[in-house]
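In what follows, a single structure is set out as structure tokens and then discussed.
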Amino acid sequence: MTKQLEIDYAFGYVYDKSKLVVMYPVGSNIIDENEYEMEVEVAFLEDGIEVAFEESDIKEANDTIKPLEMFLMKPSKIIPFVTSIKDYESKEENKKLLKEFDEEYKVKESYINKGYEIRDVYHVFENVVKYIPQENLDTLNILKIEKEKFDMDKFIETTKNNLDEAINSELIPVNMEKSNLTNRLFLKTSKDTSAKYVVFGTDISTYSEGILCANKEIIKDMDLDMGDLEVSNTKDVGYLIEEVDGYLTFKISNYNSQTPNGNQLAQIVDYSGVFKKMMIDFIGQFIK
């Protein structure tokens, strides 16, 4: 009878700004020992997780990890790891085979050598504050301008008029205050603050197709490059506007109206795909 191996897998979610790889266990696979090399070749060198793993396993892992995006942004990549190789019958760990695997594929080693921490998902959720990157977000401004040189009233009025069929005008703008945890997150508040969120693009799937934008364009191709942004019936895209020392700064952000803890928040993003030029051109109309 052919000897069988039990291989335990995990997905490694790579967060470059935090120098962190978050490990999420995705189960085991039982294979004949003589099929081992072919199995790992497919998973680690050829097809990646989309082909080598079940779609339901990938979805479950992604859904579990997703709340971390509020603090760490989206992972730059997801890579498969072998975390354990055991004899299926005896459950004895095959340390030699695991060592050979690590030496051949050098998945862990390459990240450790770059200064990344490799932590399991439960540890990261319990200690997430430790891994929030400290960033200067000035480079993400799409406009910085003296307050007197920007027609804010006309900007707000035009946005309300152009999105009137899709969004309650009372939700434009939204008062926001910065999170104590990270500069990227702003929470909705009832107080009048110096930070505002103004929507630019919103989902119109309830009565039409696509995303209605404040410049009156409708994005119907949902496969276009939207970068780090997501648009749905609970998420839209817009400007996070701050007034500091007489200057206004505009950054592109995602607004989430339904978070698990009930907060409504805006998150500044790095990359906004097709939206960036549209949003820059739109606010450019209101410079005096």
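The values are calculated or read from the model by the stated rules, or taken from the named source; none is laboratory data. Note that this is a predicted model, so its numbers are computed, not measured. Ideal geometry is used to build each Cβ from the backbone, glycine not excepted, and the neighbour counts take in all protein chains shown. With ligands, DNA and RNA removed, areas are computed over all heavy atoms of the protein, side chains included. Shrake-Rupley method; radii C 1.70, N 1.55, O 1.52, S 1.80 Å.
Determine, from the Cβ-Cβ distance of residue 257 and residue 30 and an R0 of 41 Å, the FRET efficiency 1/(1 + (r/R0)^6), rounded to the nearest 0.05. Efficiency, rounded to the nearest 0.05: 0.40. Maximal additional length on extending the residue 56-residue 287 stretch stands at 78.3 nm, based on 0.36 nm per residue less the C-alpha distance.
Kindly flag which residue pairs out of 147/251; 66/130; 17/66; 130/235 have an alpha-carbon separation exceeding 20 Å in this structure.
130/235
Taking trypsin sites (Lys or Arg not before Pro) across segment 72-165, the ones in a DSSP loop with at most 12 further Cβ atoms lying within 10 angstrom of their Cβ are 91, 106, 114.
Divide the volume of the convex hull around the Cα atoms of the chain by the residue count and you get 156 Å³ per residue.
Across the chain, C-alpha contacts under 8 Å between residues 6 or more apart give a mean separation that, scaled by the residue count, equals a relative contact order of 16 percent. For residue 63 and residue 129, FRET efficiency with R0 = 25 Å and r from the beta-carbon atoms, rounded to 0.05? Taking R0 as 25 Å, the efficiency between residue 129 and residue 63 is 0.65. Rounded to the nearest 20, the size of the Cβ-charge dipole of segment 4-130 about its Cα centre is 1120 debye, with Lys and Arg at +1 and Asp and Glu at -1.
Rolling a 1.4 Å probe over the protein heavy atoms leaves residue 222 with an accessible area of roughly 90 Å². Computed from label points 7 Å out along Cα-Cβ, the spacing between residue 234 and residue 87 is 4.9 nm. Rounded, prolate or oblate: which one fits segment 189-288, using the alpha carbon gyration tensor with axes a ≥ b ≥ c (rounded when a/c is under 1.5, else prolate when a/b beats b/c, else oblate)? Oblate is the answer for segment 189-288, as a/c is 1.5 or above yet b/c matches or exceeds a/b. Mean separation of Cα pairs under 8 Å and 6 or more residues apart, divided by the residue count, gives segment 4-130 a relative contact order of 36 percent.
Suppose all protein chains stay in the model; what accessible area per residue would a 1.4 Å probe give for segment 138-286, in Å²?
Ligands and nucleic acids excluded, the figure is 51 Å² per residue.
Each of 253, 134, 175 was scored by the projection of its Cα onto the charge dipole of the chain, and the greatest displacement toward the positive side belongs to 175; charges sit on the C-beta of Lys, Arg, Asp and Glu. Provide the FRET efficiency to the nearest 0.05 for the residue 136-residue 207 pair, computing r from the beta carbons and using R0 = 35 Å. Efficiency at R0 = 35 Å is approximately 0.25. Remark: segment 4-130 carries 56 Å² of accessible area per residue (probe radius 1.4 Å; ligands, DNA and RNA excluded). Separation of the alpha carbons by more than 23 angstrom is noted, of 19/74; 19/276; 188/220; 19/91; 59/95, for 19/276; 188/220; 19/91; 59/95. Phi angles of segment 262-274 translate, via the Karplus equation with coefficients 6.51, -1.76, 1.60 and θ = phi - 60°, into HN-Hα couplings of x, 6, 10, 9, 10, 10, 5, 10, 7, 10, 10, x, 5 Hz per residue; Gly and Pro are given as x. Net charge dipole, segment 156-288: roughly 320 debye, given to the nearest 20, about the Cα centre with Cβ charges of +1 for Lys and Arg and -1 for Asp and Glu. For segment 123-269, the square roots of the Cα gyration tensor eigenvalues, ordered a ≥ b ≥ c, give a/c of at least 1.5 with a/b no greater than b/c, which places it in the oblate category. Multiplying the residue separation of residue 154 and residue 168 by 0.36 nm and removing their Cα-Cα distance gives an extension gain of 3.3 nm. Shape summary: segment 4-130 maps onto an equivalent ellipsoid whose semi-axes, from the alpha-carbon gyration tensor, are 26, 16, 14 Å in decreasing order. Database remark: amide H of residue 118 closer than 5 angstrom to the amide H of 21 (H placed geometrically; neighbours at sequence offset of 5 or more, or on other chains; Pro and chain starts carry no H). Accessible area ranking (1.4 Å probe, heavy atoms, ligands and nucleic acids excluded), largest first, for 54, 242: 54, 242. Across segment 143-154, coupling constants 3J(HN,Hα) worked out from phi with the 6.51/-1.76/1.60 Karplus curve, θ = phi - 60°, read 7, 10, 8, 4, 3, 5, 9, 10, 8, 5, 4, 5 Hz, and Gly and Pro carry x.
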